[in-house]
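This structure is in structure tokens; I'll ask about it shortly.
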Protein chains: 2
Amino acid sequence: MDRKTELLNCAENVARRRGYDGFSYADLASEVGIRKASIHYHFPSKADLAVALIERYADTFSDALAVIDETSDIASDRLAAYVQGYRRALSGGAKLCLCVAFSISRDSLSEEALAELEAFHSNSIIWLTKTFELANKDGSVTNTGDPLEEATTLLAIVVGAQLVARAANKVGDFDQATKLFLSRLA
Amino acid sequence: MDRKTELLNCAENVARRRGYDGFSYADLASEVGIRKASIHYHFPSKADLAVALIERYADTFSDALAVIDETSDIASDRLAAYVQGYRRALSGGAKLCLCVAFSISRDSLSEEALAELEAFHSNSIIWLTKTFELANKDGSVTNTGDPLEEATTLLAIVVGAQLVARAANKVGDFDQATKLFLSRLA
DNA sequence: TTGAGTATACCTACCAGTAGGTAGATGTCA
DNA sequence: TGACATCTACCTACTGGTAGGTATACTCAA
């Protein structure tokens, strides 16, 4: 694995545990095994690193959504996979979605990073709305309302469930908070 | 107002905007108008400040729930007031609930602070469960399921809605994410 | 084929600024 | 007089970032 990727992996891991203000170049340096100054070669400033981090995360996320779409044509399967993805990202209560972790540190982020963050959220909403529209047609989700309202509600549920579970360091809290929604899936 | 309260107010404000790792004693000092060292007189360490902050926040919160209970006997009114409380706490997209903001910084918090945080969440769940039990009786909420499941889901919704709205700095995102739930209230 | 030039990826040593925290003097008021 | 609240002045450790240097490798014209 090349050094840049290694640094991104390490930074993503720690950022999702501690947030943007919760890690330093020194942390990354000691973990990756190079000197602090050398990180500046790959990412001139921490702001650059933040942008690279969000960009890569958004790409990976959108790939994952594409895989979900390929795996099943049924809306309920797709939504279950979506919720499952957030559950996996929680890493047993230790990590958050990168964009959730970065949302708190809004004031420390560059304009560019904030734009990426908003793009990430709106892409999620677009995919979810599309999927709830499908649910209205295929009937695989019980009791569906307006697709956009369902989409924004589900995004809030998974994000909130992750946060509550992170606060208590218990995956069970995520499961509890998503149970009611999952019970609506065929 | 006494200095200690003034410091707590200031710290709460900035902590809810930037998180625990996002503010320093120097920030508080310049805002309150005393020297950094003087803050240590009131709160010997930042960990002490964090605990005091959460304690006061939890007390205020539980008072607010008591007021809601006094104001109406109808479950749907109480739940609407609960959601409205989180909306107000959002301060137009600029702030989060203190406990949400602190959840991200879990790793920087003392054991005592973490315990307070968990107590806060479980108190919320207790109140919400009780209120959804009432809803099952008074029929003021449509289509209610298991009270505990409803409670954890609603907590996730308001927390998640706050976070998404904070990420975009738009209150509208909170409204959008809570709309579907609010439409179930009589 | 060789050597000059250049790019990569790192290093040591440093910078100014800030973090949380401490010691001890000073002012103020019951 | 003494408790309280604040101050000045300082500490060590760490922050993101920079300057300048080095070993290794690739490229390309003489």
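The values are calculated or read from the model by the stated rules, or taken from the named source; none is laboratory data. Only a predicted model underlies this, so the values are computations on that prediction, with no experimental measurement involved. Neighbour counts run over all protein chains shown; Cβ positions are idealised from the backbone, glycine included. The area values use the complete protein model at the heavy-atom level, side chains included, leaving out ligands, DNA and RNA. Shrake-Rupley method; radii C 1.70, N 1.55, O 1.52, S 1.80 Å.
Heavy atoms only, probe 1.4 Å: what % of the accessible area of the stretch A:47-182 goes to carbon and sulfur, would you let me know?
51
Using alpha-carbon positions, what is the distance between the centroids of the stretch A:63-97 and the stretch B:104-177, in Å?
22
Right, another one. With springs connecting C-alpha atoms under 10 Å apart, model chain A as a Gaussian network and identify which of A:Ala115, A:Ala58, A:Ala75 has the largest mean-square fluctuation.
With Cα springs under 10 Å in chain A, the top fluctuation among A:Ala115, A:Ala58, A:Ala75 is at A:Ala115.
Right, next: To the nearest whole number, what is the average tally of beta carbon atoms from other chains within 10 Å of the beta carbons of peptide B:81-94?
The mean count of partner-chain Cβ atoms within 10 Å per residue comes to 0.
Kindly tabulate the residues in the stretch A:166-186 with an accessible-area decrease of at least 20 Å² between the chain alone and the assembly of all protein chains, using a probe of 1.4 Å.
A:Arg166, A:Ala167, A:Ala168, A:Asn169, A:Gln176, A:Ala177, A:Lys179, A:Leu180
If one takes the longest principal axis of the Cα atoms in chain A, at what angle in degrees, from 0 to 90 and to the nearest 10, does the Cα axis of helix A:171-182 lie?
30
Another one. Measure nothing fancy, just the Cα-based angle from helix A:147-168's long axis to the longest principal axis of chain A, in degrees from 0 to 90, nearest 10.
Helix A:147-168 sits roughly 50 degrees off the main axis of chain A.
Right, something else. Between chains B and A, what is the buried accessible area summed over both chains (1.4 Å probe, protein heavy atoms, nearest 100 Å²)?
So the total buried area for this chain pair works out to about 3400 Å².
Calculate how steeply helix B:75-89 sits against the longest principal axis of the alpha-carbon atoms of chain B, using the helix alpha-carbon long axis, and give the answer as 0 to 90 degrees to the nearest 10.
30
For the protein assembly as shown, with only Lys/Arg (+1) and Asp/Glu (-1) charged at the beta-carbon, what is the dipole magnitude about the Cα centre, in debye rounded to 20?
It works out to roughly 720 debye.
Counting partner chain Cβ atoms within 10 Å of every residue's Cβ in B:96-108, what's the average?
What the average comes to for B:96-108 is 6.
Students often check this: by mean Cβ neighbours within 10 Å, which of B:157-163, A:18-24, A:77-83, A:62-68 ranks highest, and how do the rest follow?
B:157-163, A:18-24, A:77-83, A:62-68
Cα extents of chain B along the three principal axes, largest first, in whole Å?
Principal axes ranked by extent give 56, 32, 30 Å for the Cα atoms.
Quick one: net charge of A:Ala47's neighbours, Cβ under 12 Å, K/R +1, D/E -1?
So the surrounding residues net to -3.
I'd like to check one number: the per residue accessible area of the protein assembly as shown, probe 1.4 Å, reported in Å² as a whole number.
42
Can you tally the net charge around A:Arg3? Count Lys and Arg as +1, Asp and Glu as -1, for every other residue whose Cβ sits under 13 Å from the Cβ of A:Arg3.
That works out to -1.
Evaluate peptide A:22-31: per residue, the Cβ atoms of other protein chains within 10 Å of its Cβ; return the mean as an integer.
The mean count of partner-chain Cβ atoms within 10 Å per residue comes to 1.
Next question. Summing Lys, Arg as +1 and Asp, Glu as -1, what charge do residues with Cβ under 13 Å from the Cβ of A:Leu128 carry, A:Leu128 excluded?
-3
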